[in-house]
1. Give the residue, chosen from Gly92, Gly86, that is modelled with pLDDT of 95 or more, out of contact with any Cys (no Cβ under 6 Å at 6 or more places or on another chain) and open to solvent by less than 10 Å² (accessible area, probe 1.4 Å).
2. I need the helices (runs of 4 or more DSSP H) fully contained in the stretch 219-299, keeping only those with at least 3 residues that are modelled with pLDDT under 95, over 20 Å from the mean Cα position of the chain (by Cα) and not aromatic (Phe, Trp, Tyr).
3. Check off (1) touching a residue at least 40 places away in the same chain (Cβ under 8 Å); (2) under 30 Å from Lys170 (Cβ atoms) for Asp240 and give me the number that stays unchecked.
4. Identify all residues within the stretch 80-123 that are among the aromatic types (Phe, Trp, Tyr) and free of Cβ contacts under 8 Å to residues at least 60 places away in the same chain; write none if there are none.
5. Under 6 Å by Cβ, and 6 or more places apart or on different chains, what pairs join a residue from the stretch 185-208 that is more than 17 Å from Arg23 (Cβ to Cβ) with one that is part of a helix (DSSP H, G or I) and at pLDDT 95 or above?
6. Scan the stretch 94-116 for residues that are within 23 Å of Tyr28 (Cβ to Cβ) and over 17 Å from the mean Cα position of the chain (by Cα) and jot them down.
7. Could you list, ordered by first residue, the pairs with Cβ atoms under 8 Å in which the first is in the stretch 332-343 and within 11 Å of Met88 (Cβ to Cβ) and touching a residue at least 60 places away in the same chain (Cβ under 8 Å) and the second is part of a helix (DSSP H, G or I) and of a type in the set (Lys, Arg), at least 6 apart or interchain?
8. Restricting attention to the stretch 184-194, does a residue exist that is at pLDDT 95 or above, hydroxyl-bearing (Ser, Thr, Tyr), surrounded by fewer than 16 Cβ atoms within 10 Å (Cβ to Cβ) and over 24 Å from Ala148 (Cβ atoms)?
Amino acid sequence: MTDLSKMTEIEDLRRVAQRKVPRMFYDYVDSGSWTQTTYRNNETDFDRIKLRQRVLVDMEGRSLATQMIGQDVHMPVAIAPTGFTGMMWADGEIHAARAAEKFGIPFSLSTMSICSIEDVAENTTKPFWFQLYVMKDKKFMENLIRRAKDAKCSALILTADLQVLGQRHKDIKNGLSAPPKPTLANIINLMTKPEWCFNMLGTKRHTFRNIVGHAEGVGDLSSLSSWTAEQFDPSLNWDDVARIKELWGGKLIIKGIMEPEDAILAAKSGADAMVISNHGGRQLDGAPSSIAALSDCVQAVQAENSNCEIWLDSGIRSGQDVLKAIALGAKGTMIGRSFLYGLGAYGEDGVRRALEIIYKECDITMAFCGHTNINTVNTDIFVKGTYENLKVADPHVSPIRW
């Protein structure tokens, strides 16, 4: 048994996941679109913000507990919806959901998950959130919403930035598709991942189970590829939000907001929360980092006197990143790659360890900055001049990593 206490940062988990997970699935997680500039800036822009260390402040009784859309959370972090999660580790969505439930934070299930809505519901005890990709097949989409309701999901996440698919070079080079292509290079690579292969042999869940058997004409893997390639709906617009909200009838979160104009529209749409997110740098390459976009969106929504919560997604690799997002006005955050690295490395135990790392980093950093409650943190924790102009490009960007 590996001593996970030796995993002291998310980067430790990433390196293990890279070694254990087949290249095509690891690269799917650890890559962005086109030149990957936005993907890299999502991380490096956090580093540009410097913290003020305060001393001789009573640090007892610290708490990261808060609420996200009325739900009590152990820290202001939710697991983001990610596709192919069950290919990082067998039954990955179930393992991640269990880890989140035990830790006291929300779990979000993607439309493009390997485990279905029903699979996760049957293997957890608390409500989770479901993320909706709007498809051209309206009957299928409405049935997805009904299935999420039947599973007692407590919120619906509408992803707004995937009307068309950004080009991800690594996926093309690896032949990643639905289903994946069994090329010679991929088969050879699989032979070097015995633990992954052994775990996959022990599960029946190897495809997009929210789709296969539910969408008309998609009964197996052979018919899945052509269906998914044609289904993302480029006509999705703000007029559709009200219809989706009415069909759902519960808490609605809109994910993929990057500009103040869209933040205002999201607030006016009746959404309970919006997520400032560039899809982890996987859609529009050349867009600002999410942390750079946060402040302008917060100010725009505050000017509208809206109660819509603002969260941040994309680039969070530490508890310090969480703290910085909260200080800049986010009510909560979402993590994708950080939990996926833990999952790919050690399954449910790895996700738990990722959450422990983020919690401890956030807690200790908050203490060093002179605060004992996450709900009181603000920009006073920052060194002036290091956060006000994040949208100005940093000329010292690390070279592309292939």
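1. On the way: Gly86 fails: out of contact with any Cys (no Cβ under 6 Å at 6 or more places or on another chain).
Step by step, each of Gly92, Gly86 is checked, and only Gly92 is modelled with pLDDT of 95 or more, out of contact with any Cys (no Cβ under 6 Å at 6 or more places or on another chain) and open to solvent by less than 10 Å² (accessible area, probe 1.4 Å).
2. Working: elements: 221-231, 239-248, 260-268.
Qualifying helices (runs of 4 or more DSSP H): 221-231, 239-248.
3. Of the numbered conditions (1) touching a residue at least 40 places away in the same chain (Cβ under 8 Å); (2) under 30 Å from Lys170 (Cβ atoms), the odd one out for Asp240 is (2).
4. So the first thing to find is which residues in the stretch 80-123 are among the aromatic types (Phe, Trp, Tyr), and the list is 84, 89, 103, 107.
Answer for the stretch 80-123, where residues must be among the aromatic types (Phe, Trp, Tyr) and free of Cβ contacts under 8 Å to residues at least 60 places away in the same chain: Phe84, Phe107.
5. Arg205/Gly86
6. Ser116
7. From residues that are within 11 Å of Met88 (Cβ to Cβ) and touching a residue at least 60 places away in the same chain (Cβ under 8 Å), the pairs are Arg337/Arg14; Tyr341/Arg14; Gly342/Arg352; Gly342/Arg353.
8. Checked against the condition, which is being at pLDDT 95 or above, hydroxyl-bearing (Ser, Thr, Tyr), surrounded by fewer than 16 Cβ atoms within 10 Å (Cβ to Cβ) and over 24 Å from Ala148 (Cβ atoms), the stretch 184-194 yields at least one hit.
The values are calculated or read from the model by the stated rules, or taken from the named source; none is laboratory data. Just so it is clear, the structure is predicted and the values come from calculations on it, not from any experiment. In this analysis, Cβ positions are derived from the backbone assuming ideal geometry, glycine residues included, and neighbour counts consider all displayed protein chains. Accessible surface is based on the protein model in full, side chains and every heavy atom, while ligands, DNA and RNA are left aside. Shrake-Rupley method; radii C 1.70, N 1.55, O 1.52, S 1.80 Å.
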